[in-house]
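K.L.:
Would you mind keeping the following structure in view while I ask a few things?
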Amino acid sequence: MQEIKPQLKTAVAAALDALGVADPPEIIVQETPEGKEGDYATPVAMGLARSLRKPPPAIAAEIAEKLQLPQWVKRAFVTGGYLNFELEAGFVTQTATQTAEPWAKLPGKVLLEHTSVNPNKELHVGHLRNICLGDSLARILRLAGRNVEVMNYIDDTGRNAAESLFALEYFGLGASEGYKKYDHFVGDAYVRLHQEMADEEKKATIEKGVQETLHRLEAGQLRSEVDRLLRSQLQTMYRLGAEYDALVWESDIVREGLLSQAMKALENTPYVSRPTEGKYAGAFVMDMSPFIPGLEDPYLVLIRSNGTSTYTAKDIGLQFWKMGLLGGVKFKEYDTQPSGHLLYTSFPQGSPMDFGKATETINVVDARQSHALRIVQASLEVEGRPDLAQGCFHLAYETVLLEGKQMSGRKGITVSVDEVMNEAVKRARAIIAEKNPQHPAPDQAAEMVGVGAVRFAMIKTEAKKQIDFRYEQALSFEGDTGPYVQYAYARACSILRKAAEQGLLDEKPDFAQTTAYEVGLSKTLLRFPEVVQEAARAKAPHILAQHLLELAAAWNAYYNAKTPQGKPATVVLGAPQGLRGVRLGLVKSLQSTLKMGLELVGLAAPEVM
RNA sequence: GCGCCCGUAGCUCAGUGGAUAGAGCGUUCGCCUCCGGAGCGAAAGGCCACAGGUUCGAGUCCUGUCGGGCGCGCCA
């Protein structure tokens, strides 16, 4: 697909040069608003008014005079201060029906960490946003030519995991109780344990047991227990469509000595110390003030006076590993994911592999931890690597409310991802039964639509906006939803199926017959590559989701378009020969673009729904 | 107290400094003699929180104010 806008820009730039404009501004070419004449326009004359001491329309007219336009520009004309271009309808549509060339591979490696759910209970809707954002962004960056490695961090030495495992022991539930999904089973025990802790006497016993479990976790003695829970959680992630390259366990990071290596490295810088008196006596601290201005207390504790390391210290060790400053973690195969892609895991007796050593990192973590991540980033500057610090990106998303209220995992005030998906699929199945009783594979389609609705609901809003998870909204299949986009896709598939049956698929297009209806849809289609690039640049999947809604809307509007007399204006299969070829080409292009777009936000593309 | 984020239609949200600020939900009215009505068209609904500023041009950039969310531990 050759790009139209850059060619117009080049033409305008050449005209400015011919006019002798000394210091030309950046040339912006945009689509003309609905209802205006022309297809594309540039406001460049307005910015030049002052320096050229002429009114914008006069400048625009001069530019128009000097323009050497490609033959596909029907006319260039001035309206107000704008210079507008009207293009040959056939050319626009022909361009939109050409297949895009893949983008060039870019150098460097992006290590993207997402999910990183505590291995202690089932996933809830708060985790959902993290997974959907991270997985979609990974897909977008890959299409944009980046080498992306997706990592899921397993905090198996944290307090949450210890509480859950101890809860099983405490309630005598260790053995397999197959009545529900294992992560739910463990999660129930965890919530029960916290209820039990309301009793002060029991709390003391429990605390002792949790501490003991914590030690066993750190020693790696409970790996198979964590493993069982993790595999159960992974089923949920896979069902959502998320996959990973590597799992990195915290206990492995600690065991391989990455933490102490990182501390040793920092020790050689002038910013760390071990105060012998005062507030921080006996601790190992880092002075952040040269790197983060405005701190009330510039000191950050890395190792407590009792010798244990802080969470931040562990994060620094991990970040140093991600960016290749430390080595030593070993890996082995862990699972074959639904797509067939192998998943690896860190493992003490594994083999060295090429994970890590990234030039850029993306951490998908909720916005409450912005400060902590800023410190991790600054620690790279402490280490004398501002270049690497620059490569750190925190994809901060705001928290998810549940029906307007804050969730609480401890108290069990959550809705699980499994439950949400089950309900969504159930509803989708009912709608299929109602609307398409002859459906050849209703259960598969219901799965695609139900899960798609949930996933799209998580993606469509900008990450930094707090969202409220409401059942009725997230499970809606109408309006600004995933199923709306899927429906548009299925509709296009349906036409192409019929065209194939009638042997029309390869009909030659006669672009001279192109109408204004095709041009509108074509222009929206032509925006797709720009949108993908912008979503990748801004690391913002919602940009793509929003465009998919626009694209589906443009297609639906085209599909239903009527002549002023109220007759169908855009019938594809019944169109005159030649025009039919044009329309079929457009539908093919739309169909494959929607498919690619759905894939990028992680939704399945059902051919029939 | 200091710092970060948000404030756009009744509700939920889009909106790379450019033309008359757009969707969805909800409300009202239309559209299957047409390839899928999970759709389409139309109506109604806006001091883009407020006040200054920068600019030829501000929902968008800057400053301040007011509302709301979240951070700022030898917690994780």
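K.L.:
What tally of residues in segment A:391-441 results from selecting those that are touching a Gly at 6+ places or on another chain (Cβ under 6 Å) and either of a type in the set (Gly, Ala, Ser) or open to solvent by 50 Å² or more (accessible area, probe 1.4 Å) (or both)?
P.N.:
Taking segment A:391-441 first, the residues touching a Gly at 6+ places or on another chain (Cβ under 6 Å) are A:400, A:407, A:424-425, A:428.
Among the residues that remain, those that are also either of a type in the set (Gly, Ala, Ser) or open to solvent by 50 Å² or more (accessible area, probe 1.4 Å) (or both) are: A:424, A:428.
Residues flagged as touching a Gly at 6+ places or on another chain (Cβ under 6 Å) and either of a type in the set (Gly, Ala, Ser) or open to solvent by 50 Å² or more (accessible area, probe 1.4 Å) (or both) within segment A:391-441 amount to 2.
K.L.:
Name the residues in segment A:10-45 that are part of a helix (DSSP H, G or I) and buried (at least 18 other Cβ atoms within 10 Å of the Cβ), would you? Before you say what the answer is, go through the steps one by one.
P.N.:
Going through segment A:10-45, the residues part of a helix (DSSP H, G or I) turn out to be A:10-18, A:44-45.
The answer is A:11, A:12, A:15, A:16, A:44, A:45.
K.L.:
So which of A:590, A:525, A:594, A:603 is away from RNA strand B (no atom under 11 Å from the Cβ), crowded, with 23+ Cβ neighbours inside 10 Å, among the hydrophobic types (A, V, I, L, M, F, W, C) and over 22 Å from residue A:95 (Cβ atoms)? Break it down stepwise before answering.
P.N.:
Values: A:590 fails: over 22 Å from residue A:95 (Cβ atoms); A:525 fails: over 22 Å from residue A:95 (Cβ atoms); A:594 fails: over 22 Å from residue A:95 (Cβ atoms).
The conditions single out A:603.
K.L.:
Let me ask another. Output the number of the condition that residue A:82 fails; it satisfies all remaining conditions of (1) in contact with an Asp or Glu (Cβ under 8 Å, 6 or more places away or on another chain); (2) of a type outside the set (A, V, I, L, M); (3) open to solvent by 40 Å² or more (accessible area, probe 1.4 Å); (4) within 16 Å of RNA strand B (Cβ to nearest atom).
P.N.:
Looking at each condition in turn, residue A:82 falls short on (1).
K.L.:
Looking at segment A:423-473, which of its residues are touching a Pro at 6+ places or on another chain (Cβ under 6 Å) and either free of Cβ contacts under 8 Å to residues at least 40 places away in the same chain or farther than 18 Å from residue A:131 by Cβ (or both)?
P.N.:
Once the filter is applied, which keeps residues that are touching a Pro at 6+ places or on another chain (Cβ under 6 Å) and either free of Cβ contacts under 8 Å to residues at least 40 places away in the same chain or farther than 18 Å from residue A:131 by Cβ (or both), segment A:423-473 yields A:432, A:445, A:449, A:453.
K.L.:
So, one more: Given the conditions (1) touching a strand residue (DSSP E or B) at 6+ places or on another chain (Cβ under 6 Å); (2) loosely packed, with under 15 Cβ neighbours inside 10 Å; (3) not β-branched (Val, Ile, Thr), report the number of the one that residue A:537 does not fulfil.
P.N.:
(1)
K.L.:
Return yes or no: is residue A:582 under 13 Å from the mean Cα position of the chain (by Cα) and aliphatic (A, V, I, L, M)? It would help to see each step written out before you state the result.
P.N.:
On the way: under 13 Å from the mean Cα position of the chain (by Cα): no; aliphatic (A, V, I, L, M): yes.
When the stated conditions are applied, residue A:582 does not pass them.
K.L.:
Residues being away from RNA strand B (no atom under 16 Å from the Cβ), of a type in the set (D, E, K, R) and over 19 Å from residue A:148 (Cα atoms): count how many of those fall in segment A:350-386.
P.N.:
Kept after step one, since they are away from RNA strand B (no atom under 16 Å from the Cβ), are these residues of segment A:350-386: A:350-362, A:380-386.
Still in the running and of a type in the set (D, E, K, R): A:354, A:357, A:360, A:381, A:383, A:385.
Subset that is over 19 Å from residue A:148 (Cα atoms): A:381, A:383, A:385.
Within segment A:350-386, residues that are away from RNA strand B (no atom under 16 Å from the Cβ), of a type in the set (D, E, K, R) and over 19 Å from residue A:148 (Cα atoms) number 3.
K.L.:
Based on this model, can you work out whether residue A:467 counts as among the β-branched types (Val, Ile, Thr), near RNA strand B (Cβ under 7 Å from one of its atoms) and farther than 18 Å from residue A:606 by Cβ?
P.N.:
Values: among the β-branched types (Val, Ile, Thr): yes; near RNA strand B (Cβ under 7 Å from one of its atoms): yes; farther than 18 Å from residue A:606 by Cβ: yes.
Yes, satisfied.
K.L.:
A further question on this structure: Inspect segment A:482-495 for any residue being more than 24 Å from the chain's Cα centre (by Cα), open to solvent by less than 30 Å² (accessible area, probe 1.4 Å) and not small (Gly, Ala, Ser) and give the result as yes or no. Give the derivation first.
P.N.:
Going residue by residue through segment A:482-495, those that are more than 24 Å from the chain's Cα centre (by Cα) are A:491-495.
Still in the running and open to solvent by less than 30 Å² (accessible area, probe 1.4 Å): A:492-493, A:495.
Narrowing further to those that are not small (Gly, Ala, Ser): A:493, A:495.
Yes, some residue in segment A:482-495 is more than 24 Å from the chain's Cα centre (by Cα), open to solvent by less than 30 Å² (accessible area, probe 1.4 Å) and not small (Gly, Ala, Ser).
K.L.:
Related question: Being under 15 Å from residue A:382 (Cα atoms), open to solvent by 60 Å² or more (accessible area, probe 1.4 Å) and near RNA strand B (Cβ under 8 Å from one of its atoms) is the filter here; which residues of segment A:290-320 pass it? Walk me through how you get there before you give the answer.
P.N.:
Restricting attention to segment A:290-320, the residues satisfying the condition of being under 15 Å from residue A:382 (Cα atoms) are A:290-293, A:298-302, A:312-313, A:315-317, A:319-320.
Filter once more, so that each one left must be open to solvent by 60 Å² or more (accessible area, probe 1.4 Å): A:290, A:293, A:299.
Within segment A:290-320, A:299 is the sole residue that qualifies.
K.L.:
When residues of segment A:254-294 are filtered for being under 19 Å from residue A:357 (Cβ atoms), part of a loop (DSSP other than H, G, I, E, B) and under 30 Å from the mean Cα position of the chain (by Cα), how many remain?
P.N.:
Just the residues of segment A:254-294 that are under 19 Å from residue A:357 (Cβ atoms), to begin with: A:256-259, A:261-262, A:265.
Checking the rest, the ones that are also part of a loop (DSSP other than H, G, I, E, B) come to A:256-257.
Going one step further and asking which of them are under 30 Å from the mean Cα position of the chain (by Cα), we end up with none.
The total comes to 0.
K.L.:
Given A:578, A:585, which one is crowded, with 20+ Cβ neighbours inside 10 Å, away from RNA strand B (no atom under 13 Å from the Cβ) and over 29 Å from residue A:442 (Cβ atoms)? Write out each step before concluding.
P.N.:
Numbers: A:578 fails: crowded, with 20+ Cβ neighbours inside 10 Å.
Step by step, each of A:578, A:585 is checked, and only A:585 is crowded, with 20+ Cβ neighbours inside 10 Å, away from RNA strand B (no atom under 13 Å from the Cβ) and over 29 Å from residue A:442 (Cβ atoms).
The values are calculated or read from the model by the stated rules, or taken from the named source; none is laboratory data. Worth saying up front: this structure is predicted, and the values here are computed from it rather than measured. With ideal geometry, Cβ positions are generated from the backbone for all residues, glycine too; neighbour counts draw on all protein chains shown. Surface areas here come from the heavy atoms of the whole protein model, side chains and all, with no ligands, DNA or RNA. Shrake-Rupley method; radii C 1.70, N 1.55, O 1.52, S 1.80 Å.
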